[in-house]
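Scroll down for the structure; my scribbles are underneath it.
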Amino acid sequence: MANLAEFLDKLPILLVGLLMLATMMLTAAAGYVLRRRVRLMLTHKGATEEGGAEGYIVSAVIGLVALLLGFTFALAVGRFETRRALVLQEANAIGTSYLRVQGLPEPHRTRMSQILVNYTNNRVELGTASPDKMAPLIVASDRLLVELWAGTLAATDAIGNSALASSLHSTVNEVIDMDSARKAARKVRVPGEVFLALWLYIAVTAGMLGYARSETQGRMLAGILFLLFTMSYMLIIDIDRPAGGNIVESQGPMIELRETLKQQPPGTFDTWRKPVVEPAT
């Protein structure tokens, strides 16, 4: 059902809601027409309609749909929370790498610091970009990671096998791993089969409501229920969309990191460091 998920991603959330509402209205109308035909058929045969069971059945079906909505909502929120937590973890990894880079000699310190600043700016833009603008930002992010690792290797050659080199390798590796983790988290979505099953269950429930609630007051209450189902379905789809939706993970930690890096250019922490004296030639 990957095609279904891709199809839903291409549709505006409001349009998905309108399609859902239209589907429920059509199935409810079909249920109402079916109820009238059953009544006419029983009247012609001189039989009477036995009532009372529809209410219990409709209540059970509505309870099942509510359970499915809650289950799907929990899936979407779980994935959303994972994406939000990864933003903080990545910001911490970049910040730690930046601090350790300040212990490198020049020109490695300035070069690595600038790469990390550019990478942070790119991640902020990537986290807030619309789907049609993400491709060049992803390419730029991959290029900056290559430059980051190349700069790390060059700096390691300069400082040798030291504790700083080991710790720098560790944090830069974490930055690279976090890029892969965030890409994977954005691809893990609620399966398309779940959305399809939920759509069918809601449509069937609407049909049963149309069959059981033929009076005016019942139709009004059913209409309110349809709106609630539609709003719930739209909310789940919105949360499940990592990009292009109205509810996306906050980039607050990355934005704060970007501002912190602006205020801490290379050399900020050299207050009590001894100047490096070049050996005489």
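Per residue, the convex hull spanned by the Cα atoms of the chain amounts to 147 cubic angstrom. Counted over all Cα-Cα pairs of segment 181-272, pairs farther apart than 18 Å make up 67 percent. Relative to the longest principal axis of the Cα atoms of the chain, the long axis of helix 108-128 lies at roughly 10 degrees. What a 1.4 Å probe finds exposed on segment 132-281 is 63% carbon and sulfur by accessible area, rounded to a whole percent. Quick one: longest stretch of the chain between exposed loop trypsin sites (Lys or Arg not before Pro), exposed meaning at most 13 other C-beta atoms within 10 Å and loop per DSSP? Of all site-free stretches, the longest is 46-272.
If R0 is taken as 25 Å, the Cβ-Cβ distance between ASP132 and ALA74 corresponds to a FRET efficiency of 0.25.
These residues, SER232, SER113, go from largest to smallest accessible area, 1.4 Å probe, as SER232, SER113. Global size of segment 80-214: 22.4, 82 Å for Rg and Dmax (C-alpha atoms, Rg to one decimal, Dmax whole). A Förster radius of 41 Å combined with the Cβ-Cβ distance from GLU193 to GLN264 puts the calculated FRET efficiency at roughly 0.25.
Projecting the Cα atoms of THR171, SER232, ASN161 onto the dipole axis of the chain, where Lys and Arg carry +1 and Asp and Glu carry -1 at the beta carbon, places SER232 farthest toward the positive end. For SER59, the accessible area of its heavy atoms, probed at 1.4 Å with every protein chain present, is near 80 square angstrom.
The long axis of helix 53-101 is offset from the longest Cα principal axis of the chain by roughly 10 degrees. Eigen-decomposition of the gyration tensor built on the alpha-carbon atoms of segment 226-269 gives equivalent ellipsoid semi-axes of 41, 7, 5 angstrom, largest listed first.
The values are calculated or read from the model by the stated rules, or taken from the named source; none is laboratory data. Remember, predicted model here, so these are calculated numbers, not experimental data. Don't worry about glycine lacking a Cβ; one is built from the backbone with ideal geometry, like all the others, and counts go over all protein chains shown. For accessibility, only protein heavy atoms count, side chains too; no ligands or nucleic acids. Shrake-Rupley method; radii C 1.70, N 1.55, O 1.52, S 1.80 Å.
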